[in-house]
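Below you'll find the structure, written out as C-alpha cells, and then a few comments.
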Amino acid sequence: MTAPLTYALIAHVLVGVLAIGLTHLVFMHFLRKTPSWKYLRSLAGWATIGFLGSWASGAYYYVVYYGKAVKPVILKGAYPWAHQVIMEAKEHIFIMLPFMSLALWFLILVLEKQQDDKIKKAVRNLALTILLFGAFIAGAGIIISGAARS
C-alpha cells in the first residue's frame, strides 16, 4: 500500500471517530434542559465536516485499493461474510451519514430560532441515530480489518 493510501485510511478512521465523538457531545448536550445553541451549532458543524472528510478519504481508499487488494483476500479467507454482509451494510449506512449530519446541523439552526420540545426531542433522536450508526460503522471496520488479516 502506498503512502497516500495509508494516509487516506488513517484519516478515514481518525476523522470518522472524531465525528462520532462530536455527535456524541451533541446528543449529550441535548439532554440538558437549556442547551447552548452556539456550542451545538459548532459541534454539529464540525461533525458534518468530519463525516465528509472521512467519507472522502474512505472513498479514495476503497476505490483505489480495497476493491483490488483487500476484498479478494477477505472473500477467499475464513470470513467472507465480513465483506458480503458487514461491508455491504457499512457502505450503505456510511453513504447516509454526512447527509444525516448535515440535516442535524440544519435542524439545530432551525431549533435555535424556534424552540419546540417535540422538535428538540426529534433532533436529539437524530443525533442518537447518527451516533449509533457511527458506532456500527466503527465496529464494522474492525471486523473487516480482522477478516483481511486472517
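Just so it is clear, none of the values below were taken in a lab; they were calculated from the coordinates. Quantities reported herein were computed from a predicted structural model and do not represent experimental measurements. Cβ: placed from backbone, ideal geometry, glycine included. Neighbour counts: every protein chain shown.
The table that follows gives values for the structure above.
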quantity	calculated
Checking ALA69 against (1) farther than 13 Å from PHE136 by Cα; (2) touching a residue at least 24 places away in the same chain (Cβ under 8 Å); (3) assigned to a helix (DSSP H, G or I); (4) in contact with a helix residue (DSSP H, G or I) (Cβ under 8 Å, 6 or more places away or on another chain), the condition it does not meet	(4)
VAL63 being under 19 Å from SER145 (Cα atoms), in contact with a Ser or Thr (Cβ under 8 Å, 6 or more places away or on another chain), part of a helix (DSSP H, G or I) and not charged (D, E, K, R)	no
Residue that is farthest from the chain's Cα centre (by Cα) [pool: residues in segment 78-103 that are surrounded by fewer than 17 Cβ atoms within 10 Å (Cβ to Cβ), small (Gly, Ala, Ser) and farther than 14 Å from ALA135 by Cα]	ALA78
THR23 vs. criteria more than 21 Å from TYR7 (Cβ to Cβ), among the hydroxyl-bearing types (Ser, Thr, Tyr) and touching a residue at least 12 places away in the same chain (Cβ under 8 Å)	yes
